[in-house]
Structures are given as C-alpha cells and as structure tokens.
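The values are calculated or read from the model by the stated rules, or taken from the named source; none is laboratory data. Just so you know, these numbers come straight off a predicted model, no measurement behind them. Note that we place each Cβ from the backbone using ideal geometry, even for glycine, and neighbour counts take in every protein chain shown. Ligands, DNA and RNA are stripped out before the accessible areas are found, and what is left, the full protein with its side chains, is counted by its heavy atoms. Shrake-Rupley method; radii C 1.70, N 1.55, O 1.52, S 1.80 Å.
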Amino acid sequence: MEFQQNLLNYISDALIATNETISIAESVTSGLFQLAFSQMPNASMFYKGGITAYTLDQKVKLLNVDYDEGNSCDCVSEEIAETMALSVAKLFDTDWSIAVTGYANPMRSSTYKIFSYYSFAYKGEIILSKKLELHPKTQALGAQQYYTEFILGCFKSEINKLLILK
C-alpha cells in the first residue's frame, strides 16, 4: 500500500520541527495508520507506537473504554473515539494521538452504512472529533484506505493550525 508521500513528509517534518510525539489507537483501519506512520521519514523521532484493538474486550482492557457504553453502540461513537485517543496518548506518553473506530462493511449494527468516528488529542485534550461517512457500496479495503488518507489530511490541517499559532 502506498500513501501520499508529500503528506507523510509534511507530518514528519512538522512533528520533528515541534519536537512532539504521536501515538495511534485504531480498530476499523486495522493497522493502516500505524503502517502510514512507520513509512514517514525519521518516524522513530516522533512516532511512539499504536494499538489495534478490534473487540470490545480489548478496547476496555487496553484503552479504558467503558464496557456498557461500548456495548451499547458496538464501540462506534464519537465518545468511544475520544476515549481511545486520550487513553493511547496516556499509554504511550505522547503529545498527539489519533483514534479511529467504525465500519468498513455495512452491517446490521451500522444500519447497513459505512462510517467511522475519529478523534485527535493534543496534550491531554480532544481538539477534534468527527464522523466520516462513505457510500454503502464502498469495498472494505477502499473504506479503510480512504479513512486513513482522509484523516491524515485532517491531521495535517490541525498541525498547520498549531504551527500558525506558535
């Protein structure tokens, strides 16, 4: 799989320039974010690691998701993404974190829709949470790739905002 190299380079350069670190918590993308960050130049200078937690039990155990809350929404909600983002940042002791949870296939529990929620945390606070919806006929791998690229683009925008303020 190939990612937009200019996007990867930009994120890498920005995190190195600000001397900040990042970690990832993902489910629906099944490790694609971790793969993307591992492809960035000098990744070991800012990327501390990530967790792919696919099941409710693992999200509860590793990412402090409340069992009842996760069970009530199949672990797919804005609140779950935010909990995942805050928890992975704390676990890896990073400035930034990205979390994503959702559906790559239409399922009964998703009312046969394909969507995800993603959240960015910065220095212990959620700075962005959004829902991303795709056409229900999108193939699973295409959905996972789209989520990854789109959210990386959004992350670039958040880094830009921060750099402008500094």
Worksheet item: Out of all the residues in segment 116-124, is one or more surrounded by fewer than 14 Cβ atoms within 10 Å (Cβ to Cβ), touching a Pro at 6+ places or on another chain (Cβ under 8 Å) and either touching a residue at least 24 places away in the same chain (Cβ under 8 Å) or among the small types (Gly, Ala, Ser) (or both)?
Response: no
Item to complete: Consider Ile164 carefully, then state whether it is free of Cβ contacts under 8 Å to residues at least 12 places away in the same chain, aliphatic (A, V, I, L, M) and out of contact with any Lys or Arg (no Cβ under 9 Å at 6 or more places or on another chain).
Response: yes
Item to complete: Go through segment 128-148 and give me each residue that's open to solvent by 40 Å² or more (accessible area, probe 1.4 Å) and under 13 Å from the mean Cα position of the chain (by Cα).
Response: Lys130, Lys131, Gln145, Tyr146
Fill in: Segments classed as helices (runs of 4 or more DSSP H), wholly inside segment 51-114, with at least 3 members that are out of contact with any Lys or Arg (no Cβ under 6 Å at 6 or more places or on another chain) and crowded, with 24+ Cβ neighbours inside 10 Å
78-92
Discussion item. Taking the criterion of being in a loop (DSSP other than H, G, I, E, B), without any contact (Cβ under 8 Å) to a residue 12 or more places away in the chain, more than 17 Å from Phe150 (Cα to Cα) and out of contact with any helix residue (DSSP H, G or I) (no Cβ under 6 Å at 6 or more places or on another chain), would at least one residue in segment 20-43 satisfy it?
Written reply: no
Item to complete: Under 6 Å between Cβ atoms, at least 6 apart or on separate chains: pull out the pairs that start in segment 1-18 with a residue that is more than 11 Å from Phe155 (Cα to Cα) and in contact (Cβ under 8 Å) with a residue 24 or more places away in the chain and end on any residue that is surrounded by 12 or more Cβ atoms within 10 Å (Cβ to Cβ) and among the small types (Gly, Ala, Ser).
Response: Phe3/Ala36
